[in-house]
1. Can you give the accessible area per residue of the stretch B:99-215, in Å², using a 1.4 Å probe?
2. Mind telling me which of A:Ser63, A:Ser85, A:Ser36 comes out most flexible in a GNM of chain A, alpha-carbon contacts under 10 Å?
3. Report the local net charge at B:Phe132: Lys and Arg +1, Asp and Glu -1, summed over other residues whose C-beta lies under 11 Å from its C-beta.
4. How much of the accessible area of the stretch B:88-215, in percent, comes from carbon and sulfur atoms when a 1.4 Å probe is used?
5. Over the whole of B:196-208, what's the average partner chain Cβ count within 10 Å per residue? Rounded to a whole number, please.
6. So for the protein assembly as shown, taking the charge dipole from beta-carbon charges (+1 Lys/Arg, -1 Asp/Glu), which of B:Asn70, B:Ala175, A:Ala84 sits furthest toward the positive end?
7. Could you check which residue among B:Asp86, B:Asp14, B:Asp199 shows the biggest mean-square fluctuation in a GNM of chain B with a 10 Å Cα cutoff?
8. Just how far, in whole angstrom, is the stretch B:170-213 from the stretch A:1-78 if you go by their alpha carbon centroids?
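The values are calculated or read from the model by the stated rules, or taken from the named source; none is laboratory data. All values derive from a computational prediction rather than experimental measurement. Virtual Cβ from ideal backbone geometry, glycine too; neighbours counted across all protein chains shown. Accessible surface areas use protein heavy atoms only, side chains included; no ligands, DNA or RNA. Shrake-Rupley method; radii C 1.70, N 1.55, O 1.52, S 1.80 Å.
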Amino acid sequence: MKGASHRGVYLATFGALLILLAVTVGAAHIPLGPWSPVAAMGIAAVKTALIGLVFMHLQQETSLVRVFSLAGLIWLTILLVLLASDYLTRTGVLMARH
Amino acid sequence: MSGRPSHLAHQFADAAQQQLAAKLGMWAFLATEVLFFGGMFAAYAVYRGRYPAAWSEASRHLDLWLGTINTAVLLTSSLTMALAVDAARTNHPQHTMRHLLETILLALVFLGIKGWEYADKWWNHLVPGPHFTWHGDQSAGAAELFFSLYFAMTGCHAVHMLIGVALLGILCRQANRSAFSTDYYTPVEMTGLYWHFVDCVWVFLFPLLYLIDRT
């Protein structure tokens, strides 16, 4: 972790994040139907990956630190999958109401 | 104890072990934070699935421009935070100080804009409670639910930012006393991890709240 500065990499990452912000705002104005939230979450996931790998140094970390960084996401996945297994398998519970 | 640097706590064999312990502890804490916000994201998923039309109508009452500007402000603060850690690691204390102050300034801009948005919701009776009034075509109850989650999620996020600003203030004092160098900059790095995490939360909040349907 010591040694040369990574300013250039950080500035390039920042540029990519701003472009992705523009893309996500643009995508929300296109009628994508059910793919709209998929696109929005996909772009957010890419942005988070960039922030994690570059700004949070996960690219250079040991595998132990990387495993720790994934722990929260794994438990969050369990939470959302079990939630979906409940709400998506009962007719009427997640049906759209107006 | 000769040759042992003052920043090395006695329970660690060397500075590298101490730094690794700090990182693992910080990432374990961030895992609990993911789950803290995760519960609200789960509630969001259930009710957006249940009231899609009312939520997309309610979402359009949020100011897209202010949300976009605030996202850019927060991403910029992540850049300045990363540069502060970089400057500390490469032994440039003045730059560390400057980038920390930039990060605080950007955080205050974000919170100012957020406060402005909250005030706007207050005057337009969009704060859930006895004064909530809804003139849309869709169910008022579902719209109120959207705004409840909007305030809960952005409110928890804003509290995290306030804590971050306080931590950055402490770092500025330490940086001012030349506490950090290439050999020891763990507090700057850990605060950086926290700051970037808070940024990541907003990266998801922004499209989920502001961009449900803008077509």
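1. 41
2. In this elastic network of chain A, the residue with the biggest mean-square fluctuation among A:Ser63, A:Ser85, A:Ser36 is A:Ser85.
3. Local net charge: 0.
4. Details: 3460 of 5420 Å².
Carbon and sulfur atoms account for 64 percent of the accessible area of the stretch B:88-215.
5. Numbers: counts 7, 6, 0, 6, 10, 1, 2, 12, 6, 1, 6, 14, 4.
That works out to 6 on average.
6. B:Ala175
7. Of B:Asp86, B:Asp14, B:Asp199, the most mobile in the Gaussian network model is B:Asp14.
8. 15
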